Amino acid sequence: MAETRESPPTPGAARLLVDCLIEQGCDRIFTVPGESFLPVLDALHGQSAIDVVTCRQEGGAAFMACADGALNAAGSGRPGVCFVTRGPGATNASIGVHVAFQDSQPMILFVGDVDRSMRDREGFQELDFAAFFAPTAKWAARIDDAARVPEYIARAYATAISGRPGPVVLALPEDMLADEVPEGLAPRPFAPRVAQAPCPDAMIALMAMIGDAAAPIAIVGGAGWNAKARGYFQLFAERIGLPVATAFRRQDAISPASPVYAGNLGYGPNPKLAERVKSADLVIAVGARLGEATTDSYTIPPLTAPDRKLVHIHPDPAELNRVYPATLAICASMDEFAESAALWDEGEVIPFDAGSEAHAEWQEWSTAKPTGHALDLGQCVQYMREVLPADAIICNGAGNFSGWWHRYWRYAGYPSQLAPTAGAMGYGVPAAVAAARRFPDRTVVAVAGDGDFLMNGQELATAVQHGCDMIVVVVDNGAYGTIRMHQEREFPGRVSATALSNPDFATLGAAFGAWSARAETTAQFQAALTEAKGRRGVRLIHCVTDIEQLAASGATISGLRAPR
């Protein structure tokens, strides 16, 4: 056997960078390898502190890092981490940066860059990364000096988790990674997220406003939300009977078993909840940005209303009064605010009956009724509730298919919902990989539409390679269903560019190494799910549905085409 040429030692800058990541508490990175950061890959060789997950496309890798940051936000607070190469790698990964930004989730994207001597010549795959990512990142920079690696890494972590959490992008010149570093240069320690207690005067004002309100409601979930915030705010809301709605795709922000949980806002909300928010005389938004999706284009609640007061609590002062004018703005950490509210003892608020009333309305809304479709998605979700653990993590991208889970699944665990508020397709499978790696003892389910799945379905290979336990449900109606719904609403009967010709997803799943099944009826889905539950590894169920079954709200093709 031929001798192997001796490998040179890992360059000091790359070794220092990995040491800095370990010092910051990084235990996992997601990557598509590139020659522009080979020294970092070499520094990762042989160490055991960081789990390296090799992905198949940079968009999938970035989604995994974004989802990992969301999962960490519930506990350690540390960002998800992704490494990609320059040019195509970075532009592919930009979708994950955009989602992390709009979802207020901590993430760090490292991008291998051209040599410093070649900059500004439009070299091979060169981009100005600071300029490219500036609109969608909290901070985008380049590390030109190897001696400043500890400074940049510590700042990246602090920036990603502070205030409104979000993504940071750091470019790594290829020749910088090959530099040696001054002797004695050491990583900087991790600086935890700064706790911001609410102003006592603001809390007094808030309690007075609640005491004066006749029909208050809270909208919760978002930046900086964690398990402590969930527990304390739930205690507070239950004590005073305050109805609590969750912001778009923040349904695990409060337990669905809480007697004051009122349901979720976003696309296709319970009409009774929408009316309750519109008619509220006091809206208390905690963590939520009150973005377009949560508020149905800034109408629930209305942007301004003479008879309505708004209290907005958010960890980032830049978000307060940015879109919605607040009667009272409180800049504070979510957990610090929630704890202050739960332990408030300077005068009791007379409890409201509205909390229990709103909860009863949500229970009615979230109970699926048979529709007569051969494969009834509402009944499928209801069966999932019966056979899967209550703390299962549900992961999905964008599309009408997700509406059935948003409406009928109970997000009992925390964290248990990974779904992009940015509405990005292709998020579900990568997010499920991240969840399966982070919580190997919990049930993880990726739910994807046919169009959604083929955006990042190749990450099934990543799931199989890394031994993930996860169930994938592909809802196949042969169309970009959400766009088809809008198309039928605006131009009934004139179908253009929304029909899809799909593969046999069950066979495709099997080719990746997954156990798979095909379901064309509700009974077949139930049988497939029962068998999948008893297996390990990656399991895929291909659900063939009728395009007539357009949305969980009850929208149908025939109904949209009917004369009005």
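The values are calculated or read from the model by the stated rules, or taken from the named source; none is laboratory data. In this text the structure is predicted, and so the values were computed from the model without any measurement. Methodologically, a virtual Cβ is constructed for each residue, glycine included, from the backbone with ideal geometry; neighbour enumeration extends over all protein chains shown.
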Cross-chain or 6+ apart pairs with Cβ under 7 Å, segment 516-532 first and in contact (Cβ under 8 Å) with a residue 40 or more places away in the chain, then part of a loop (DSSP other than H, G, I, E, B): 519/375; 520/374; 520/375; 521/374; 521/375; 522/375; 522/376; 525/375
Verdict on residue 66 being at pLDDT 95 or above and crowded, with 24+ Cβ neighbours inside 10 Å: yes
Helices (runs of 4 or more DSSP H) fully within segment 148-226 counting 2 or more residues that are small (Gly, Ala, Ser): 149-161, 200-212
Subset of segment 90-127 (residues that are under 12 Å from residue 173 (Cα atoms) and not hydrophobic (A, V, I, L, M, F, W, C)): 112, 113, 115, 116, 117, 119, 126
The lone exception for residue 322 - which of (1) among the basic types (Lys, Arg); (2) buried (at least 21 other Cβ atoms within 10 Å of the Cβ); (3) out of contact with any Ser or Thr (no Cβ under 9 Å at 6 or more places or on another chain) it fails: (2)
Total residues in segment 135-158, condition without any contact (Cβ under 8 Å) to a residue 60 or more places away in the chain and touching a Gly at 6+ places or on another chain (Cβ under 8 Å): 2
Filtered residues of segment 27-48 (kept if among the polar types (S, T, N, Q) and either under 19 Å from residue 179 (Cβ atoms) or free of Cβ contacts under 8 Å to residues at least 24 places away in the same chain (or both)): 36, 48
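Filter segment 3-26 down to the residues that are hydrophobic (A, V, I, L, M, F, W, C), in contact (Cβ under 8 Å) with a residue 60 or more places away in the chain and out of contact with any helix residue (DSSP H, G or I) (no Cβ under 6 Å at 6 or more places or on another chain) and list them by number.
21, 22
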Checklist (1) modelled with pLDDT of 95 or more; (2) under 21 Å from residue 52 (Cα atoms); (3) in a loop (DSSP other than H, G, I, E, B) applied to residue 104, failing item: (2)
Given (1) of a type outside the set (Ser, Thr, Tyr); (2) out of contact with any Asp or Glu (no Cβ under 8 Å at 6 or more places or on another chain); (3) closer than 19 Å to residue 432 by Cβ, index of the condition residue 505 fails: (2)
Odd one out for residue 535 among (1) surrounded by 19 or more Cβ atoms within 10 Å (Cβ to Cβ); (2) modelled with pLDDT of 95 or more: (1)
Residue among 463, 432, 424, 446 that is touching a residue at least 12 places away in the same chain (Cβ under 8 Å), within 24 Å of residue 549 (Cα to Cα), buried (at least 24 other Cβ atoms within 10 Å of the Cβ) and of a type in the set (A, V, I, L, M, F, W, C): 446
Residue among 317, 325 that is assigned by TED's automatic domain parsing to the domain that holds residue 238 and within 23 Å of the chain's Cα centre (by Cα): 317
Helices (runs of 4 or more DSSP H) wholly inside segment 461-546 that include at least 1 residues being of a type in the set (Ser, Thr, Tyr) and in contact with a strand residue (DSSP E or B) (Cβ under 9 Å, 6 or more places away or on another chain): 481-490, 505-512
Which numbered condition residue 447 misses (of (1) touching a strand residue (DSSP E or B) at 6+ places or on another chain (Cβ under 7 Å); (2) not in a strand (DSSP E or B)): (2)
Tabulated pairs, segment 160-189, first within 26 Å of residue 288 (Cβ to Cβ) and outside the structural domain of residue 43 (by TED's automatic domain parsing), second surrounded by fewer than 20 Cβ atoms within 10 Å (Cβ to Cβ) and modelled with pLDDT of 95 or more, C-beta under 7 angstrom, 6+ apart or interchain: none
Number of the exception - residue 145 against (1) surrounded by fewer than 19 Cβ atoms within 10 Å (Cβ to Cβ); (2) under 21 Å from residue 193 (Cβ atoms): (2)
Qualifying position, being in a loop (DSSP other than H, G, I, E, B) and either closer than 29 Å to residue 292 by Cα or modelled with pLDDT of 95 or more (or both), among 326, 360, 318: 326
Residue check, residue 503 at pLDDT below 95, within 20 Å of residue 546 (Cβ to Cβ), surrounded by fewer than 19 Cβ atoms within 10 Å (Cβ to Cβ) and in the same structural domain as residue 373 (by TED's automatic domain parsing): no
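I'd like to verify a number: residues in segment 273-294 that are farther than 16 Å from residue 406 by Cα and either within 18 Å of the chain's Cα centre (by Cα) or of a type in the set (D, E, K, R) (or both), how many? Walk me through it before giving the result.
From segment 273-294, those farther than 16 Å from residue 406 by Cα are 275-292; that's our starting set.
Filter again for either within 18 Å of the chain's Cα centre (by Cα) or of a type in the set (D, E, K, R) (or both), leaving 275-276, 278, 281, 286-292.
Counting residues in segment 273-294 that are farther than 16 Å from residue 406 by Cα and either within 18 Å of the chain's Cα centre (by Cα) or of a type in the set (D, E, K, R) (or both) gives 11.
Looking at residue 273, is it touching a residue at least 60 places away in the same chain (Cβ under 8 Å) and either out of contact with any His (no Cβ under 6 Å at 6 or more places or on another chain) or not basic (Lys, Arg) (or both)?
yes
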Flag if residue 360 is surrounded by fewer than 21 Cβ atoms within 10 Å (Cβ to Cβ) and more than 30 Å from residue 454 (Cβ to Cβ): yes
